[in-house]
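Only one structure is covered here, and it is reproduced in the block below.
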Amino acid sequence: MTTVYSNAKNWLVQADLLAKSGLTDLTGGKDSGAGYGKAIIGDFSIMMPAVYSLVRNRNIMHHETISKDGAWVRYVEGSRLDLKDIQFFWGSAALAQSDHTLLHEDKAKKAELALESILADLAVLNVPDGVKLSISLSNHNPERWGQEIKGRVEGTHTFEHLHPVTRSIVTKTVEIVATGIYPEGFGSIAHCLFGEASLVLDPSELAIALDIGSSTWLVTVFNGSGAVIDRHLIEGGAGELHSMIARSLDKRNDRVSLLSKDVKHLPSLVNQGIIEGTFTYGGNHLTGKKFETEYSQCLDEWWSNRIEKFANFVTAGNYLDRAKYLVAWGGGVSLPVVDQNLADLGFVVLNNPQFINALGLKLLTQIARGA
C-alpha cells in the first residue's frame, strides 16, 4: 500500500523514517504529468507542481525553501557533467520565483528536466544516501524523447538538499537506472490489467479509458493484452475549468473592499479552493469569496462540451458497444460532481486516480527487474 503525504506532520515523520530506514534498493514509477508530476518511490507517493526555476545568483541563500510539494536542489557532481554545481527550485518552491518554467507549456522540458524532477522527488522524500533507484518513466513521445530521457536520467548523481526535519543541508549520492520509457497512459493500462485494480479482460475484449488531466481529456481504447487500439485527445482538462471559474470571478460586480477591486483571479487559487472543499477563493477576509455558483455554471459548460466529444469518438469508431469496461483515472475524475457524473454513465472510477499511471509504471519496473 502506498503512503500519500496528506499533511505536513505526516510528511515530516515519514521523511525522517525513510532517511533512517537503511534502504539501499528502491523501485519506482514517474508520471511527469502536465500541471503536476506524480511519482511512486518505494512505498511512498509524491505529487508536486511540474515547475522549474534555475537559481541564477548563487550568492543568495535560497535553500531555506522546502515543503512536501517543493524543494531546493544543488547538483554537486556525477554522470551529468553539464549540471555540476547547478542549483534549482522545483514544485511550489519554483512557483514562488518570478522566472519559473511551467513544464506543460514546453513539452520538450519534460524530457530535458527529467533528472531534475526525480532529484526533487528524492529530496522531498529524504531518501537514504547510497540508494539505487530503478524507475520507469512516461512521455508523450517516447520514440522522439526516450533515448534522451534515459541518457539524462541514468548514472550516479550526488546532490544537496535541505533536510526536512533538521533544516540542514545534506548530501546524497544515488544511482538511477531507467528500466523503461513508456507512452503516456501505458502505466495506467498496466495497472488496470495486471496490478491491484485488475479488470477481467480477455485479449479479444475492449475497454475504454478516460484520463482527465490538467490540460486534456485523453481517451484510450485498449484490449486485454494491453495493446492500444485507438486514442483521441480532447483539449481543455481541469486547468481549463479552473480558468473558466477565474474568468467568471473577474466579471463579478460585487466589491468586497477596495483591496479586491479589479482583481485578476488566479486559476491556481481556484484549484486550491476546490481541493480544500471550501469553494472559497483566497485565504483571508479581505479577498476571500465563495464560488460555488461559478463552479456549478462553469462545470456544466466544461463537462457537457467534452463528454459530447468523448461520445462522438467512441460511437463513431464503433467502440462503445464493444467495450466491456468504461474506466476513468486522472486528477480531474475526483472533481466534485464529475465523479458522480462518471459513475452515472457506468464508468469504473479507480481509487487514487492521480497516481494510477505512476503505480503502473512502478509495476512495469518490477516486471523489468523480474520481481
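The values are calculated or read from the model by the stated rules, or taken from the named source; none is laboratory data. Just so it is clear, the structure is predicted and the values come from calculations on it, not from any experiment. So basically every Cβ, Gly included, is an ideal-geometry build from the backbone, and we count neighbours across all protein chains shown. With ligands, DNA and RNA removed, areas are computed over all heavy atoms of the protein, side chains included. Shrake-Rupley method; radii C 1.70, N 1.55, O 1.52, S 1.80 Å.
Counting the residues of segment 344-368 that are open to solvent by 50 Å² or more (accessible area, probe 1.4 Å) and in a helix (DSSP H, G or I) gives 5. Restricting attention to segment 64-92, the residues being in contact (Cβ under 8 Å) with a residue 12 or more places away in the chain and under 19 Å from Glu175 (Cβ atoms) number 9. Count of segment 9-28 residues, restricted to those that are under 24 Å from the mean Cα position of the chain (by Cα) and not in a helix (DSSP H, G or I), is 4. Within segment 301-343, being in a loop (DSSP other than H, G, I, E, B), small (Gly, Ala, Ser) and either in contact with a Gly (Cβ under 7 Å, 6 or more places away or on another chain) or open to solvent by less than 20 Å² (accessible area, probe 1.4 Å) (or both) holds for one residue alone: Gly330. Restricting attention to segment 213-233, the residues being small (Gly, Ala, Ser) and closer than 24 Å to Tyr36 by Cα number 3.
For segment 288-319, a residue qualifies if it is farther than 28 Å from Asp230 by Cβ and charged (D, E, K, R), and the qualifying residues are Lys289, Lys290, Glu292, Glu294, Asp300.
Could you identify the single residue in Ala227, Ala197 that is touching a residue at least 24 places away in the same chain (Cβ under 8 Å) and small (Gly, Ala, Ser)?
On the way: Ala227 fails: touching a residue at least 24 places away in the same chain (Cβ under 8 Å).
Answer to the check: Ala197.
Annotation note: Cβ proximity below 6 Å between a residue of segment 260-284 that is of a type in the set (Gly, Ala, Ser) and a residue that is at pLDDT 85 or above (sequence gap 6+ or interchain) occurs for Gly273/Phe279; Gly273/Thr280; Gly273/Tyr281. Of all residues in segment 131-180, those being hydroxyl-bearing (Ser, Thr, Tyr) and modelled with pLDDT under 95 number 3.
Remark: Leu95 matches the filter, which requires a residue to be surrounded by fewer than 20 Cβ atoms within 10 Å (Cβ to Cβ) and either free of Cβ contacts under 8 Å to residues at least 12 places away in the same chain or within 29 Å of Leu269 (Cβ to Cβ) (or both). For segment 306-316, check the following and say yes or no: at least one residue is without any contact (Cβ under 8 Å) to a residue 40 or more places away in the chain and either farther than 27 Å from His140 by Cα or polar (S, T, N, Q) (or both). Yes: segment 306-316 contains one or more residues that are without any contact (Cβ under 8 Å) to a residue 40 or more places away in the chain and either farther than 27 Å from His140 by Cα or polar (S, T, N, Q) (or both).
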